[in-house]
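K.L.:
Let me begin by handing over the structure; questions about it come next.
The numbers here are math on the coordinates, done by the rules we state, and not lab data. Worth saying up front: this structure is predicted, and the values here are computed from it rather than measured. Here the Cβ positions follow ideal geometry from the backbone for every residue, glycine too, while neighbour counts run over all protein chains shown.
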Amino acid sequence: MNFLNEFVLLLKARYPIIYIATNEEERIEYLIKYCAKKYVTRTYYSWDFVEGYQGNPNDTGFAARNPLEALDLMDKLTPETGSLFILKDYDNFLKEYSIIRKLKNLSRSLKTQPKNIIILSPEINIPDSLKEFVTLLEFPLPSYTEIVEELKRLTTSLQQDISSEVLNNIATACQGLSLERIRRVLSKVIAKYGEINEASPLLILQEKKQIIQQTQLLEFCLTDKSISDLGGLDNFKDWLKLRARAFSQAAINYGLPFPKGLLLVGVQGTGKSVAAKIIAHEWQLPLLRLDFGRLFASLIGQSEQRVRKMIEIAEALSPCVLWVDEIDKAFAGAQSSGDSGTTSRVLSTFITWLSEKNSPVFVVATANNIEFIPPEILRKGRFDEMFFLTLPTREEREAIFNVHLQKFRPDSIANFKVPILSELSKDFSGAEIEQVVIEAMRLGFNENREFGDEDILVSIQNLVPLARTKSKEINVLKQWSESGNVTSASKYR
């Protein structure tokens, strides 16, 4: 049931106190007025602490700066007078005993009258003593259809023709923003470009980045890595390309469900973090990074509230990629934590959301140690696929050398004997190969000359790869990968 149908049903059923959580006062007020006229025929009264009641000439300014008096107006009207009383930010006064008592009394009397109290607030702050009397509704952000209608209205007022493809791209980029923010960012687009065009989504993503920074729960990451920056991992690349349009409106119209996510498990330095950035870049989606440490707070219940807020933000900014880096460390902390179960409850909330979510939030979780990840995370349904990233093969090392040499020396890459270098760097990870090239460059720079194969060979000899220092852990990962429950990210094994 959508919000409008649920709201109208509550009004007709004479639910006395309705609490609506939203930041969009203007949009929700428009909808409430629409319902008051079309569905229930009731008079609209709006109150805020500074200006008192507004909208009705007989009561303008009544109960300004007096929240208790604001409730008295309901007793002054006859029982037969149909009314909707909108109380803005009234949650700030719900801890006062006189107001709690008054609302309880009104709740009893309004059950038999065509009157409803509607509390509007950006946050949910309902005291335990009122939870039995208050019905909570969360006002959703504008749907894709509403955003398209707003864009069409704006382009019509600008007398501008815009292709359906550009319109759909802008509407997709705007998903997760309130109508007010959409109008504001589109005004910024018009001020910069003079029109709404294909460059508009870039400024819209900047607006989303600002929202993320304000929350301090998630980090907005730059998607500066393309698929050409990743050597090897061909199975992973094929999987990615097959779902290139998975979040497009065309896929939705076709009936395809949104992909849920990926679990990337493997040796450190094999490209798991780069892969997360590549997914966001190739699918042209914003990338949000979650550090589980930011979710935990000192007060009881605050950590659970933060994880719910994080989920709300990610879903509000969807479609997006949510990157959970080193998720195994979070579960390792749960096993050794002495925090009265807070860590376990936070992770349980996150796992449940992974399984049940229908929103276009693609979760990319990376892990180095499979022993700490519980079986319920690994079972099918949490993620679409689990990829194992092991140490690169000779062919993959050759591809990785080519990627980094192309980046640093694109004009002289033919001067390097890449097949030999890849053969001599056995057991090196992708990150270690990159470091080898950088160290070779440093050797050449310090001697005021161009670096070459000899410098890379010296760097290879001087670097002890992780495969030798962490051989036990890597062998455990390899044995697990052979169980058949995980897909190799590489074709050549």
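K.L.:
Determine one quarter of the surface area of the Cα convex hull of the range 144-210, which equals its mean projected area, and express it in nm² to one decimal.
P.N.:
3.9 nm²
K.L.:
Could I ask something else about it? Quick check for me: using +1 on Lys/Arg Cβ and -1 on Asp/Glu Cβ, what's the dipole size of the chain about its Cα centre, in debye to the nearest 20? Intermediate results must be reported in sequence, preceding the final value.
P.N.:
Values: 60 positive and 63 negative charges, 246 e Å.
The dipole of the chain has a size of about 1180 debye.
K.L.:
Based on the alpha-carbon set only, what is the convex hull volume of the range 357-493 divided per residue, in Å³?
P.N.:
Dividing the Cα hull volume of the range 357-493 by its residue count gives 145 Å³.
K.L.:
Any chance you could give the angle, 0 to 90 degrees and rounded to 10, that helix 394-408 forms with the longest Cα principal axis of the chain?
P.N.:
70 degrees
K.L.:
Once every DSSP H run of n ≥ 4 in the chain is given -39500 (n - 2.57) and the sum is divided by its residues, what mean residue ellipticity at 222 nm do you get, rounded to the nearest 500 deg cm²/dmol?
P.N.:
Computed ellipticity for the chain at 222 nm equals -15000 deg cm²/dmol.
K.L.:
Quick one: what Rg and Dmax do you get for the chain from the alpha carbons, in Å?
P.N.:
Looking at the chain, its Cα Rg and Dmax stand at 28.6, 94 Å.
K.L.:
Using alpha carbons only, how many degrees (0 to 90, rounded to 10) separate the axis of helix 179-193 from the longest principal axis of the chain?
P.N.:
That works out to roughly 60 degrees.
K.L.:
Could you run the Debye sum over the Cα atoms of the range 247-326, one equal point scatterer each and no solvent, and tell me log10 of I(q)/I(0) at q = 0.25 Å⁻¹, two decimals?
P.N.:
-1.22
K.L.:
When 1/r is averaged over all different Cα pairs and the result inverted, which Kirkwood radius in Å belongs to the range 20-143?
P.N.:
For the range 20-143, inverting the mean 1/r across all distinct Cα pairs yields 14.9 Å.
K.L.:
Enter the angle in degrees (range 0 to 90, nearest 10) between the Cα long axis of helix 25-38 and the first principal axis of the Cα atoms of the chain, meaning the one along which they spread out most.
P.N.:
50 degrees
K.L.:
Quote the convex hull volume per residue of the range 419-479, based on C-alpha atoms, as a whole number of Å³.
P.N.:
Per-residue hull volume (Cα only) is 78 Å³.
K.L.:
Here is a follow-up. Quick one: in the range 227-389, what % of C-alpha pairs are over 27 Å apart?
P.N.:
24 percent
K.L.:
To one decimal place, what Kirkwood hydrodynamic radius in Å is obtained for the range 166-252 from all pairs of distinct Cα atoms?
P.N.:
After inverting the mean inverse Cα-Cα distance, the result is 15.2 Å.
K.L.:
Can you tell me the equivalent ellipsoid semi-axes for the range 453-493? Use √(5λ) from the Cα gyration tensor, largest first, whole Å.
P.N.:
29, 15, 5
K.L.:
Considering only DSSP states other than H, G, I, E and B, which GluC sites (Glu not before Pro) in the range 113-193 qualify as loop sites with at most 12 other Cβ atoms within 10 Å? Working shown, then result.
P.N.:
Values: sites: Glu123, Glu132, Glu138, Glu146, Glu149, Glu150, Glu165, Glu180; in loops: Glu123, Glu132.
Qualifying residues, ordered by number: Glu123, Glu132.
K.L.:
If you don't mind, another one. Name the trypsin sites (Lys or Arg not before Pro) in the range 87-153 that are in a loop by DSSP and that have at most 13 other C-beta atoms within 10 Å, would you? The partial results should precede the final answer.
P.N.:
Numbers: sites: Lys88, Lys95, Arg101, Lys102, Lys104, Arg108, Lys111, Lys115, Lys131, Lys152, Arg153; in loops: Lys95, Lys111, Lys131.
Counting only loop positions with at most 13 other Cβ atoms within 10 Å, the trypsin sites (Lys or Arg not before Pro) in the range 87-153 are Lys95, Lys111, Lys131.
K.L.:
Listing Ile252, Ile456, Ile32 from the residue with the fewest other Cβ atoms within 10 Å to the one with the most, what is the order?
P.N.:
Ranking Ile252, Ile456, Ile32 by Cβ neighbours within 10 Å, fewest first, gives Ile252, Ile32, Ile456.
K.L.:
Continuing with the same structure: Pick out, in residue order, every one of the GluC sites (Glu not before Pro) in the range 43-95 that is DSSP loop and has at most 15 other C-beta atoms within 10 Å; say none if there are none.
P.N.:
Values: sites: Glu51, Glu69, Glu80; in loops: Glu51, Glu80.
Answer in residue order: Glu51, Glu80.
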